[in-house]
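Worksheet: the structure to be examined is printed underneath.
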Amino acid sequence: MSQTRSNVRSPRRDGVAVSRAAFLTHGRAEVIGDALDRLRAVAGRCGVEIVDEQDPEIVVVLGGDGTMLRALQRWLGTGIPCLGVNYGRVGFLTSIGGSDLEAGLERAFAGGYEVLDLPTLLGDAGGGTHTAVNDIVLTSATAGRMAIVEWRVDGQSLGELGCDGVIAATPTGSTAYNLSAGGPVLVPGTDGYVVTFVSPHSLHARSMVLGRPHTVSFRNSAADVPVQVIVDGHVVAVAKPGEAVDVRLGEASAALARVAGTSFFTRYLEEFSH
């Protein structure tokens, strides 16, 4: 029986007026300049209390995509949305430019934003389970040596490839390393993830988009080359020859706020159309 639209959970919801906000900043204060003072001034004018990280209604993130990922990880699964003001190089996850901080935050604090619930990935590696908002990447841990990876989907082997690495990316992460490696972009709302090999030693390796029911397993098939496991840019484990890393969609979601009037497609055009 087909599923009706009313039975499908929407990944998007409208924002509400803000009375309490927390903030997270770039690790180097000089990158954001006086942005924190400007944030406090806007909050004061709008009657928004700046609170600690335990009790906000929204989190204002001053930085680039790396800082945004830290915030999304920190408040993962809480439903508290993270709104980015860009002080990074790309800032694809942000929706307010640094020079537009005052106007953008005034609009957001009045409820002029929407929230996207972003799917996550789970990766079993190194004896633990790790959650990614962007991607899980396997790459050779030995400089100058090729990784050899056998990959399986739901237990079915799809072969073995020599490569620089392999990426499993969420829709959010599909515009990052995956895109640079020639993988497809998954638009927000896609309940799936994409697997893309990096510089595969093959003429026939193609990306594959997988849905929620599917688990992909990457086995290190090299005789003597370990593979490092990188989650959202951080090394979390090393897979020795013969060991495998299992990846699947997670149940928890990260809440990304965007100022009303901006969208994935406007950001996509701004960043990738030139």
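Going residue by residue through the stretch 137-151, is there one that turns out to be over 27 Å from V90 (Cβ atoms), surrounded by 19 or more Cβ atoms within 10 Å (Cβ to Cβ) and of a type in the set (V, I, T)? Within the stretch 137-151, one or more residues are over 27 Å from V90 (Cβ atoms), surrounded by 19 or more Cβ atoms within 10 Å (Cβ to Cβ) and of a type in the set (V, I, T). Looking at the stretch 64-108 only, could you name the residues that are open to solvent by less than 20 Å² (accessible area, probe 1.4 Å), touching a Lys or Arg at 6+ places or on another chain (Cβ under 8 Å) and either modelled with pLDDT of 95 or more or hydrophobic (A, V, I, L, M, F, W, C) (or both)? Answer for the stretch 64-108, where residues must be open to solvent by less than 20 Å² (accessible area, probe 1.4 Å), touching a Lys or Arg at 6+ places or on another chain (Cβ under 8 Å) and either modelled with pLDDT of 95 or more or hydrophobic (A, V, I, L, M, F, W, C) (or both): L83, F92, L101. Pairing residues of the stretch 25-42 that are outside any loop (DSSP other than H, G, I, E, B) with residues that are among the hydrophobic types (A, V, I, L, M, F, W, C) and open to solvent by 60 Å² or more (accessible area, probe 1.4 Å), at Cβ distances under 8 Å and at least 6 apart in sequence or on separate chains, gives L36/F23; L39/F23.
Regarding A252, is this residue open to solvent by 40 Å² or more (accessible area, probe 1.4 Å), among the small types (G, A, S) and either closer than 29 Å to P56 by Cβ or in contact with a Pro (Cβ under 6 Å, 6 or more places away or on another chain) (or both)? When the stated conditions are applied, A252 passes them.
Inside the stretch 152-178, residues that are surrounded by 17 or more Cβ atoms within 10 Å (Cβ to Cβ) and either among the hydrophobic types (A, V, I, L, M, F, W, C) or touching a Cys at 6+ places or on another chain (Cβ under 9 Å) (or both) make up a count of 7.
Per this entry, Y177 is not counted among residues that are under 17 Å from G123 (Cα atoms), modelled with pLDDT of 95 or more and of a type in the set (F, W, Y). The conditions of being assigned to a strand (DSSP E or B), free of Cβ contacts under 8 Å to residues at least 40 places away in the same chain and either among the β-branched types (V, I, T) or touching an Asp or Glu at 6+ places or on another chain (Cβ under 8 Å) (or both) are met by T129.
Residues in the stretch 188-227 that are open to solvent by 50 Å² or more (accessible area, probe 1.4 Å), touching a residue at least 40 places away in the same chain (Cβ under 8 Å) and part of a strand (DSSP E or B): M208, R219. When V185, V137 are checked against the criterion of being outside any helix (DSSP H, G or I), touching a residue at least 40 places away in the same chain (Cβ under 8 Å) and touching a Leu at 6+ places or on another chain (Cβ under 7 Å), a single residue qualifies: V185.
The values are calculated or read from the model by the stated rules, or taken from the named source; none is laboratory data. If you're wondering where the values come from, they're calculated on a predicted model, not measured in any experiment. Methodologically, a virtual Cβ is constructed for each residue, glycine included, from the backbone with ideal geometry; neighbour enumeration extends over all protein chains shown. Just the protein is used for accessible areas: all its heavy atoms, side chains included, with ligands, DNA and RNA removed. Shrake-Rupley method; radii C 1.70, N 1.55, O 1.52, S 1.80 Å.
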